[in-house]
Amino acid sequence: VSACWLGGTRLLPYVDDSTASMNIGFSFRYYANTYTTGYVSSNSIVGFGSANASYVNSCLPSGIPNAIHAFWDDLVTSAQGVCVITRGSAPNREFIYTFQNGLFYSPRTGDLTFSVVLYETTNIIDVMFNTMSGPSGITQGSSATIGVQGPSGQSTQFSCNTASVNTGSRIRFTPF
C-alpha cells in the first residue's frame, strides 16, 4: 500500500532532516493517549507531540517519545518525498504514510519505499517494506531502528542496527 499511488498529499520532497505536520483524519489511540494530528520526518519517524527529525538512531527506548520508528536512519527524500492519505469511512479508516523512493544520506544510494498504516478501530500499526533495494545490509536495517515508543519510555523494538527486513516484510505493532 502506498499513499503516493493512492493520490495522497506529498510532503518533504528533496529534504534532509526535516519534519511536516499531518492530520490523521480520525482519533488514533497510541499507548494511553489519543491523537488526531502528528508529524512525519524525512528520517522515517511518525510521531505525536513535539516533532523530531533526528538522524542519529539509537536503540529503544530512545530520546524520542510517542514515535513510530519505521526505519529510523539518516535518510534523504527523493522528489517523491513522503506521502500521506486517510482513506475509507468511519469507523474503519486507515491513515497511510509512505516514504517513497528515498535514499541513505551517506552514501547517497538505495531505493527505499515503505509505509506505515494506522487503523482507526483497532489502533494497530503495520509497517510494510515495499522496496528495500541497494547495498546489502543497510537496506535491510543494519544501521536503522525499527519499533515503537510511548510517552514514558515504554517501547517495543523490532530491531536495532540489525539487518532484519527485506522487500515484502511486514511488522505489526499493538502499543497499548
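The values are calculated or read from the model by the stated rules, or taken from the named source; none is laboratory data. Quick caveat, the model's predicted, so the values are computed rather than measured. Note that each Cβ is placed from the backbone with ideal geometry, even for glycine, and that neighbours are counted across all protein chains shown. Calculation scope for accessible area: heavy atoms of the full protein, side chains included, ligands and nucleic acids excluded. Shrake-Rupley method; radii C 1.70, N 1.55, O 1.52, S 1.80 Å.
For the reader, a short list of remarks on this structure follows.
- For segment 127-144, the candidate set comprises residues that are in contact with a helix residue (DSSP H, G or I) (Cβ under 9 Å, 6 or more places away or on another chain) and more than 19 Å from ALA3 (Cα to Cα); within that set, the residue that is surrounded by the most Cβ atoms within 10 Å (Cβ to Cβ) is ALA144.
- Condition check for GLY141: touching a His at 6+ places or on another chain (Cβ under 6 Å), farther than 17 Å from SER42 by Cβ and not β-branched (Val, Ile, Thr): no
- Applying the criterion of being under 17 Å from TYR30 (Cβ atoms) and open to solvent by 40 Å² or more (accessible area, probe 1.4 Å) to the residues of segment 95-126, the residue that is nearest to the chain's Cα centre (by Cα) is TYR119.
- Of the residues in segment 63-73, at least one is surrounded by fewer than 20 Cβ atoms within 10 Å (Cβ to Cβ) and free of Cβ contacts under 8 Å to residues at least 24 places away in the same chain.
- Residue within segment 66-77 that is over 14 Å from the mean Cα position of the chain (by Cα), closer than 23 Å to VAL1 by Cβ and of a type in the set (Asp, Glu) present: no
- Yes/no for LEU60 being within 27 Å of THR162 (Cβ to Cβ), in contact (Cβ under 8 Å) with a residue 60 or more places away in the chain and touching a Cys at 6+ places or on another chain (Cβ under 8 Å): yes
- Verdict on GLY150 being open to solvent by less than 40 Å² (accessible area, probe 1.4 Å), within 22 Å of SER54 (Cα to Cα) and touching a strand residue (DSSP E or B) at 6+ places or on another chain (Cβ under 8 Å): yes
- Enumeration of residues in segment 23-57 that are outside any strand (DSSP E or B) and open to solvent by less than 10 Å² (accessible area, probe 1.4 Å): SER42, ASN43, SER44, PHE48
- Boolean, ALA20 is buried (at least 22 other Cβ atoms within 10 Å of the Cβ) and of a type outside the set (Val, Ile, Thr): no
- When PRO13 is tested against (1) touching a strand residue (DSSP E or B) at 6+ places or on another chain (Cβ under 8 Å); (2) in a loop (DSSP other than H, G, I, E, B); (3) surrounded by fewer than 16 Cβ atoms within 10 Å (Cβ to Cβ); (4) in contact (Cβ under 8 Å) with a residue 60 or more places away in the chain, only condition (1) is not met.
- The set of residues in segment 150-176 being in a strand (DSSP E or B) and more than 16 Å from ASP73 (Cβ to Cβ) consists of SER155, THR156, ARG170, ARG172, PHE173.
- Considering LEU112, LEU60, the condition of being closer than 20 Å to GLY137 by Cβ, in contact with a strand residue (DSSP E or B) (Cβ under 9 Å, 6 or more places away or on another chain) and of a type in the set (A, V, I, L, M, F, W, C) is satisfied by LEU112 alone.
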